[in-house]
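Chemist: Starting off with a structure, shown below.
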Amino acid sequence: MLNRMELLKILCAAAEANSFREAATRLSISPQSVTRAIQELEQQFGEILFHRSTRQVQITAFGQSLVAQAQQTLDSVDQLFQRNTRNKVEAISGRVGITAPHAIGRRFLVQLLVPLLREQPGLQVELRLEDEMTDAVSAQIDIGIRVGMIRDRRYIARPMAKVPLHIVASPALVASGGAPQTLEQLHERPLSALIDRRSGKPWPWLFANNEHLLPAPAAFISDDPEAELEVVLAGLAYAQVPSYLAVPHLRSGALVTVLDRFAPTAWDLFIYRPQRGPVSPRVRLVFDHLLAQFSDKTLFPEQP
């Protein structure tokens, strides 16, 4: 028989998940254990907590009320233990594997990790910069940073910031031919193409209403976003670049935007970790630190 704290933890996990099986995966226990725990709570309170069917479970009104009280209780217990360790530096050591896109890793991630590594000298960070989604299992990745969408249910992902896409060029290049007013006019300008390293093909430029443009023929072709940015700053081509690359140069006047009314919906910047077993203190520490830092809007502004 489980103790009451364990029962409450299972209840809260089941309320957050789409199914008892998903809750079991998050807690690294069997689906049968989740079912038995919910049944035991229902017997103790004399109320149904979840409506079950062959396809889904749905929490009842009483269940929602109980979850709210259970979460408060669990939070109070966590705070009790945190207060006992607040005034001392906990020695955390060991490897944490992190992956991120090249530009984000070089421009942001390293500088955000430095204060934490100074505070926790026992941490060993192994950083892999890759623009493609990394197989977390084979690469022994504990934490990942990614722009776009993460649909793989093997990962627990949290959005941190919005990343708008801008069509940019140097003021001199825009002045030389006039600012394009339509996508057709844009296609007549010198464009830069960023290559998808997996397929070897250029990424299409994205616009509102699911419109897109393939930058071909291109005045410049590269598989590195920062190399592409240098060519755009030199006044040789237009490019579609994420805000975290564009904003500093838009603020300085080195670049300007065009066709803002055609801008697509901003992408999400995610932090994620594999959904396998309990999270070690060192991984939780780094995950929470990066989540807080990247969520700072001064670091990832949506507008210039």
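The values are calculated or read from the model by the stated rules, or taken from the named source; none is laboratory data. What you see is a predicted model, and the numbers here were worked out from it, not measured in a lab. Note that we place each Cβ from the backbone using ideal geometry, even for glycine, and neighbour counts take in every protein chain shown.
Chemist: Inside the stretch 229-275, can you point out the residues that are in contact with a Phe, Trp or Tyr (Cβ under 9 Å, 6 or more places away or on another chain) and part of a loop (DSSP other than H, G, I, E, B)?
Modeler: Listed by number, the residues that qualify are L236, A237, L259, A263, P264, Q275.
Chemist: Take R197 and decide whether it is out of contact with any strand residue (DSSP E or B) (no Cβ under 7 Å at 6 or more places or on another chain), surrounded by fewer than 16 Cβ atoms within 10 Å (Cβ to Cβ), under 28 Å from L299 (Cβ atoms) and not aliphatic (A, V, I, L, M).
Modeler: yes
Chemist: OK, next. Taking interchain pairs and intrachain pairs at least six residues apart, which have beta carbon atoms under 9 angstrom, with the first residue in the stretch 161-186 and touching a residue at least 60 places away in the same chain (Cβ under 8 Å) and loosely packed, with under 15 Cβ neighbours inside 10 Å and the second of a type in the set (V, I, T) and assigned to a loop (DSSP other than H, G, I, E, B)?
Modeler: Matching pairs, first to second residue: none at all.
Chemist: I've got another one for you. Output the number of residues of the stretch 278-304 satisfying the condition of being assigned to a loop (DSSP other than H, G, I, E, B) and β-branched (V, I, T).
Modeler: 2
Per-residue answers, yes or no, for (1) among the acidic types (D, E); (2) on the phi < 0 side of the Ramachandran plot; (3) touching a strand residue (DSSP E or B) at 6+ places or on another chain (Cβ under 9 Å); (4) modelled with pLDDT of 90 or more:
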| residue | (1), (2), (3), (4) |
| --- | --- |
| Q79 | no, yes, no, no |
| R83 | no, yes, no, no |
| I92 | no, yes, yes, no |
| R95 | no, yes, yes, yes |
| A100 | no, yes, yes, yes |
| I104 | no, yes, yes, yes |
| L112 | no, yes, no, yes |
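Condition check ((1) at pLDDT below 95; (2) touching a strand residue (DSSP E or B) at 6+ places or on another chain (Cβ under 6 Å)) across all residues:
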{"position": "D224", "(1), (2)": "yes, no"}
{"position": "E230", "(1), (2)": "no, no"}
{"position": "A237", "(1), (2)": "no, yes"}
{"position": "T257", "(1), (2)": "no, yes"}
{"position": "S280", "(1), (2)": "yes, no"}
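Chemist: Scan the stretch 178-202 for residues that are outside any loop (DSSP other than H, G, I, E, B) and over 26 Å from D224 (Cβ atoms) and report the count.
Modeler: Final tally of qualifying residues: 2.
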